[in-house]
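Since the structure comes first, as structure tokens, the remarks are kept for the end.
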Amino acid sequence: MRPQKYLDVADRLAARVRNGDYNLAELPAERELAAQTGVSYATARKAVQHLVEKRVLRRLPNGRATPSAGGDKAAQIAFLTPAWESHVYVRWRHALSVAAAKRQASVRRVLYTHWDDPIIAATVRGFDGTFLIPEPEPRPRTLVESLRHCGRPIVVLEDDWTNLGFRSIVTTPDFCVHRLLDHLAALGHRRIDYFNVQPGLVRFLQPWRLWLAAQRLAGDCIDEPVKPYEETLPAAYAILDRRIKAGKFKAKALVCTSETAAQGAVAALVDNGLRPGRDVAVCAAEYGSSLVFHNPSISSLAAIDLIPYAAVSLDWMAANDPAAWPGPLLLHPADVQIAARQTTAPDAADHRKLK
């Protein structure tokens, strides 16, 4: 027997509640809900009342309905990121979703376009906890203060905000650059250049300089970040292509701060008749899931599992107890490994082949 029409509407509405659709906006009035779902006002009202009786929704004093809070309601977690795409966001969203599913929680990605975007405050207020990836622009003091005193758990990803009192996770700590430099030095390189196009990414620069000074080696700094929201891959290609054509590129080894910087660098080398891995060694201070599929495959940091970091954070959010956070405010890998591929090991096997 076909379910009654109001149950269809109730199922759709309950799914929206589970997905956090009404954490950032009010649940529509019943007449608006009827128009949205193509049913009569009476059917929409009956669907809402059904969910009130199931304690999915509750009535406000003004008669409007809103998602129920507390009780057996599954935790709804926000993943708040700048409004551009990145493989880092993809990897974190997957890890958060897997860890949340095991805890009967849900994760919803929310995009913001600048630090004064009202969606930031609405997200932190509307969800049970928030994972925040900062944008590269300087953070306003007033925003930091409002986040610090919001009363909701926040974990900052891939940036260290511990000096501001926030729990943070950085999966590419500063010493990652030292591992790449050690790898290149072991191959006999005495000159290692630095290449960055990411806006706001400065934490690898000083470790690179200090390591070169300690080893008494040389290297040029090519630090030309694009403006926020500009594409980094074509910029990386254009910067290195221009330097090569002008005779200003002398490197035999190149440490790139990001996946796109490495991809652009390799393309520029190839187009100018230089052989990555033989004429110039290239590696990236990222895990870069697509680097293994590049031709040639690009050396980088070996991937780590993000799910344990996501699980620890979600357990802390659920406990609502500062002591539940394990150890110092900043979590990061104890060490990282290098995935040596064809741009530093030119005779390596074709990593694109499935094993």
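A search for C-beta distances below 8 Å between a residue of the stretch 310-331 that is more than 25 Å from residue 90 (Cβ to Cβ) and any residue that is polar (S, T, N, Q), counting only pairs 6+ apart in sequence or on different chains, returns 328/162; 329/162; 329/168. Does at least one position in the stretch 167-175 carry a residue that is at pLDDT below 95, surrounded by fewer than 21 Cβ atoms within 10 Å (Cβ to Cβ) and out of contact with any helix residue (DSSP H, G or I) (no Cβ under 9 Å at 6 or more places or on another chain)? Taking every residue of the stretch 167-175 in turn, at least one turns out to be at pLDDT below 95, surrounded by fewer than 21 Cβ atoms within 10 Å (Cβ to Cβ) and out of contact with any helix residue (DSSP H, G or I) (no Cβ under 9 Å at 6 or more places or on another chain).
Of all the criteria given as (1) crowded, with 16+ Cβ neighbours inside 10 Å; (2) assigned to a helix (DSSP H, G or I), the one not satisfied by residue 194 is (2). Looking at the structure I just gave you, is residue 339 outside the structural domain of residue 257 (by TED's automatic domain parsing), more than 26 Å from residue 106 (Cα to Cα), out of contact with any Lys or Arg (no Cβ under 9 Å at 6 or more places or on another chain) and of a type outside the set (Lys, Arg)? The answer is yes for residue 339.
Criterion applied to 16, 55 was being assigned to a helix (DSSP H, G or I) and either of a type in the set (Phe, Trp, Tyr) or not assigned by TED's automatic domain parsing to the domain that holds residue 127 (or both), and the one residue passing it is 16.
In the condition set (1) among the charged types (D, E, K, R); (2) within 24 Å of the chain's Cα centre (by Cα); (3) in the same structural domain as residue 95 (by TED's automatic domain parsing), residue 231 is compliant with all but (3).
With respect to being among the aliphatic types (A, V, I, L, M), outside any loop (DSSP other than H, G, I, E, B), closer than 14 Å to residue 345 by Cα and out of contact with any Phe, Trp or Tyr (no Cβ under 6 Å at 6 or more places or on another chain), residue 238 falls outside the description.
Residue-by-condition table, conditions (1) small (Gly, Ala, Ser); (2) within 19 Å of the chain's Cα centre (by Cα); (3) surrounded by fewer than 22 Cβ atoms within 10 Å (Cβ to Cβ):
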| site | (1), (2), (3) |
| --- | --- |
| 258 | yes, yes, no |
| 265 | yes, no, no |
| 269 | no, no, no |
| 276 | no, no, no |
| 279 | no, no, yes |
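Just one of the numbered conditions (1) closer than 28 Å to residue 185 by Cβ; (2) among the small types (Gly, Ala, Ser); (3) at pLDDT 95 or above is not true of residue 349: (3).
Residue-by-condition table, conditions (1) surrounded by fewer than 18 Cβ atoms within 10 Å (Cβ to Cβ); (2) touching a strand residue (DSSP E or B) at 6+ places or on another chain (Cβ under 9 Å); (3) of a type in the set (A, V, I, L, M, F, W, C):
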{"residue": "17", "(1), (2), (3)": "no, yes, yes"}
{"residue": "21", "(1), (2), (3)": "yes, yes, no"}
{"residue": "25", "(1), (2), (3)": "yes, no, yes"}
{"residue": "43", "(1), (2), (3)": "no, no, no"}
{"residue": "46", "(1), (2), (3)": "no, no, no"}
{"residue": "59", "(1), (2), (3)": "yes, yes, no"}
{"residue": "65", "(1), (2), (3)": "no, yes, yes"}
{"residue": "89", "(1), (2), (3)": "no, yes, no"}
{"residue": "105", "(1), (2), (3)": "no, yes, yes"}
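The residues of the stretch 92-103 that are surrounded by fewer than 17 Cβ atoms within 10 Å (Cβ to Cβ) and either outside the structural domain of residue 157 (by TED's automatic domain parsing) or closer than 16 Å to residue 133 by Cβ (or both) amount to a single one, 94. From the set of residues in the stretch 281-299 that are touching an Asp or Glu at 6+ places or on another chain (Cβ under 6 Å) and among the small types (Gly, Ala, Ser), which is surrounded by the most Cβ atoms within 10 Å (Cβ to Cβ)? So, considering only residues that are touching an Asp or Glu at 6+ places or on another chain (Cβ under 6 Å) and among the small types (Gly, Ala, Ser), the one surrounded by the most Cβ atoms within 10 Å (Cβ to Cβ) is 284.
The values are calculated or read from the model by the stated rules, or taken from the named source; none is laboratory data. From a predicted model like this one, the values you see are computed outputs, not experimental measurements. For neighbour counting, all protein chains shown are included, and Cβ atoms are generated from backbone atoms with ideal geometry for every residue, glycine included.
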